[in-house]
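Here is the structure we will look at, set down as structure tokens.
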Amino acid sequence: MISIYDTLARKLSQIESSGSQVTVYCCGPTVYRDAHVGNLRTFLLADLIHRALIQQGAQVNFIQNITDVGHMSEDVQGEDKILQQAHLEKRDPFEIARAYEAEFHKDLQRLNILPASAYPRASETINLMQHYISKLIDGGFAYATTAGSVYFDSQSFESYGAISGNRLNSLKPGHRYEFNDEGDKRFHADWALWKAAGSRTEMIWDSPWGLGFPGWHIECTAMSLSLLGNRIDIHVGGIDLRFPHHENERAQSNSIINSEAVGMWVHGEHLLFEGRKMSKSSGNVVLLQDVIDRGLDPLALRLCLLENRYRAQMDLTWAALEAANSTLRRWRTSMGAWGSETLAKADAAVATAIKKDLDTPRAILRLRAIEKDVKIQPHDKRAIFLHADQVLGLELIRAIINKPISPGQELLLSQRATARELKNWSQSDLLRDELLAQGILISDGPTGQSWSWT
Ligand code: AMP
Ligand code: ZN
């Protein structure tokens, strides 16, 4: 079976399924903006696990939530991320959330990420969250205040801090939590399960404690416990979620079911871009669309990320993406040249690398050696690459189209180049869409327009 590093156990652990299927939960996007390539790295980690399990013959029940309420802004105290964006864009908050959720699904598709069993939305799980909050109050793990909020009593959970190492006695008052304006809580490390609406008028619901809205952490507890049957074999997220999000989720879930809810906590490391943390204020946030606009295959991002260990911080660069793009093209061309058989065959070294903590860089090195090895028959190379691709998800048998363009398409291309020169953006967009409909993808680079077949 596959072993992966478990953040809580602080060692490699074998994946153990609690029943006939392996249950996997990955914290999903907060849909107030497009996911950047760092977010996508984390989502791709969940897909890598998903695919590796399927290759092993496991049945996987995979859930990823959509956070469309309750995730508070780090910049503005007491402000919900979705509401903040809605006010900025002067749009309805739910309209914002649905628009970015659609973009998220588009990204998943373009990255060849296998669909989850369900993508539950926080805003549609309010009753369920209230049900679990009531359970926590009844069990003595949470308390309601006169102002109409409900807090988790962090001191009621003995092993609080075990994932991150942030023990309660070392968490000082004033430590930066995701929001600090919780005047009526009893202890500084307690966190809100339900927040009284106060002056907030949008995205609020009725509850046994009055009008309000849920906290972010209870959302993942509610969705994972209810949809995965009180046992999450593998819980995935980015390293920044270790504390407080996963710590709080563990305290809530374990208190509700009175046992360890998660079998293994898996965290993907941070992604930097060209040596810097991606942030809106630095203006260096890179989206999948930016990769595509450079004329690169979205799966070049996938290959690039797979060439690095999920557990190591990684610096993504345009040069690395360009290199991955040409490797991808070369492999696809070779796959065509190596025959047309659909038989897949495992290579022992590739399989071992994946099974030992998802060592994709090692697996890819081995594939590169196989590619060059003249002693291996072409049809065997194809079979091994096909098998590896079940886990890598690079669509290696996608044919490279090298057909010439028609005179009519040639004309459209030159018309579009002219429209761009004249800064006639609406016309140039129209022509780009027309060409795309004909299977021609345009990208605009510093040296002008270039094209490729989709
Ligand atoms: P969010 O949409 O902000 O809730 O984040 C979605 C996921 O992306 C979470 O699992 C985060 O931990 C993860 N994440 C955020 N920034 C990065 C980054 N730069 N590199 C890798 N993962 C990230
Ligand atoms: Zn979560």
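The values are calculated or read from the model by the stated rules, or taken from the named source; none is laboratory data. The shown structure was predicted, so the numbers you read here are calculated from the model rather than taken from an experiment. Glycine also receives a Cβ, built like all others from the backbone with ideal geometry; neighbour counts cover every protein chain displayed. These accessible areas exclude ligands, DNA and RNA; they are computed on the full protein's heavy atoms, side chains included. Shrake-Rupley method; radii C 1.70, N 1.55, O 1.52, S 1.80 Å.
Where Rh is the Kirkwood radius over the Cα pairs of region 227-322, the temperature 10 °C and the viscosity 1.306 mPa s, what D in µm²/s does Stokes-Einstein return? Don't skip to the answer; put the middle values down first.
On the way: Rh = 15.7 Å.
Rounded to a whole number, D works out at 101 µm²/s.
For region 108-156, the direction-averaged projected area of the alpha-carbon convex hull comes to 5.8 nm². Ranked by the mean number of other Cβ atoms within 10 Å per residue, highest first, peptides 154-165, 225-236 order as 225-236, 154-165.
Rounded to the nearest 10 degrees, the angle from helix 318-337 to the longest Cα principal axis of the chain is 60 degrees.
Rounded to the nearest Hz, the phi-derived 3J(HN,Hα) couplings of region 200-213 under the Karplus curve 6.51 cos²θ - 1.76 cosθ + 1.60 (θ = phi - 60°) are 6, 10, 10, 6, 10, 9, 6, 7, x, 9, x, 5, x, 8, where x marks glycine and proline.
Taking each of Lys11/Lys355; Lys11/Lys195; Lys106/Lys356 in turn, the alpha-carbon distance tops 25 angstrom for Lys11/Lys195; Lys106/Lys356. Ser170 to Ser259: FRET efficiency via 1/(1 + (r/R0)^6), r the Cβ-Cβ distance, R0 30 Å, to the nearest 0.05? FRET efficiency, Ser170 to Ser259: 0.70. Helix 378-392 and the longest principal axis of the Cα set of the chain meet at an angle near 20°. For Asp153, the amide hydrogen comes within under 5 Å of the amide hydrogens of Ala142, Tyr143, counting only partners 5 or more places away or on other chains and with H modelled in the peptide plane. Taking the DSSP beta bridges with both ends in the chain, the antiparallel portion is around 55 percent.
The Kirkwood hydrodynamic radius of region 37-80, based on inverse pair distances between different Cα atoms, is 13.0 Å. Summarising the amide proton neighbourhood of Val22: residues at separation of 5 or more, or on other chains, whose placed amide H is nearer than 5 Å comprise Gln59, Val60, Asn61. Think of it as helices only: each DSSP H run of n ≥ 4 in the chain is worth -39500 (n - 2.57), and spread over all residues that comes to -12500 deg cm²/dmol at 222 nm.
Taking every Cα-Cα distance in region 407-453 and sorting them into 10 Å bins starting at zero, the pair-distance distribution P(r) comes out as 29, 63, 8 percent. Its Kirkwood hydrodynamic radius, worked out from the mean inverse distance over all distinct Cα pairs, puts region 210-279 at 13.4 Å.
Between Ala99 and Arg330, the simple spin-label model (points 7 angstrom out along Cα→Cβ) gives 4.2 nm. The apolar share of the surface of the chain, taken as the fraction of accessible area on carbon and sulfur atoms (1.4 Å probe, ligands and nucleic acids excluded), comes to 50 percent. Here the gap between Glu371 and Gln109, fully extended at 0.36 nm per residue and compared with their Cα-Cα distance, gives a gain of 91.5 nm. In this simple spin-label model, placing a label point 7 Å from the Cα along the Cα-to-Cβ direction at both Met1 and Arg200 gives a separation of 4.0 nm. Computed over every Cα-Cα pair of region 1-47 and binned at 5 Å starting from 0, the pair-distance distribution P(r) comes out as 5, 16, 18, 23, 17, 11, 8, 2 percent.
The smallest convex shape that holds all Cα atoms of region 361-453, its convex hull, gives 156 Å³ per residue. Shown here is the pair-distance distribution of region 156-306: with all Cα-Cα distances grouped in 5 Å bins from zero up to the longest one, the shares run 2, 7, 13, 16, 15, 14, 14, 10, 6, 3, 0, 0 percent.
Let me know the whole percent of all Cα-Cα pairs from region 16-268 that are separated by more than 29 Å. Display every interim value, and only then the final one.
Details: 8629 of 31878 pairs.
Tail of the P(r) past 29 Å holds 27 percent of the pairs.
Normalising the Debye intensity of region 341-414 to I(0), with uniform scatterers on Cα atoms only, and taking log10 at q = 0.12, 0.18 Å⁻¹ returns -0.44, -0.70. Evaluated with a Cβ-only charge set (Lys, Arg +1; Asp, Glu -1), the chain carries a dipole of roughly 1420 debye about its Cα centre, given to the nearest 20. Per residue, the chain exposes 44 Å² of solvent-accessible protein surface, assessed with a 1.4 angstrom probe and all protein chains in place.
Relative contact order, percent, of region 407-453 when contacts are C-alpha pairs under 8 Å separated by at least 6 residues? Relative contact order of region 407-453: 27 percent. Evaluated with a Cβ-only charge set (Lys, Arg +1; Asp, Glu -1), region 261-302 carries a dipole of roughly 140 debye about its Cα centre, given to the nearest 20. Each residue of region 271-392 gets 107 Å³ once the volume of the Cα convex hull is shared out per residue. Could you compute how fast the chain diffuses translationally, taking Rh as the Kirkwood radius over C-alpha pairs and applying Stokes-Einstein at 25 °C with viscosity 0.890 mPa s? Give it in µm² per second. In µm²/s, the coefficient rounds to 102.
Cα centroids of region 270-327 and region 356-430: 16 Å apart. When the chain is described by a simple charge dipole with +1 on each Lys and Arg Cβ and -1 on each Asp and Glu Cβ, the residue from Gly283, Ile54, Leu136 located farthest towards its positive end is Ile54.
In this label model, Arg294 and Glu322 are separated by 0.9 nm, measuring between points 7 Å along each Cα→Cβ vector. The relative contact order of the chain comes to 16 percent, based on Cα pairs under 8 Å that sit 6 or more residues apart.
How many percent of DSSP beta bridges within region 16-268 run antiparallel, rounded to 5? Of the beta bridges lying entirely in region 16-268, close to 40 percent run antiparallel.
Relative to the longest principal axis of the C-alpha atoms of the chain, give the angle of the C-alpha long axis of helix 37-55, reported between 0 and 90° and rounded to the nearest 10°. Orientation of helix 37-55: about 80 degrees from the principal axis. Taking all protein chains as they are arranged and a probe of 1.4 Å, the heavy atoms of Ile364 leave approximately 0 Å² accessible to solvent.
Think of the chain as a dipole: +1 on every Lys or Arg Cβ, -1 on every Asp or Glu Cβ, centred on the Cα centre; then among Leu301, Leu328, Gly28, Leu328 lies furthest on the positive end.
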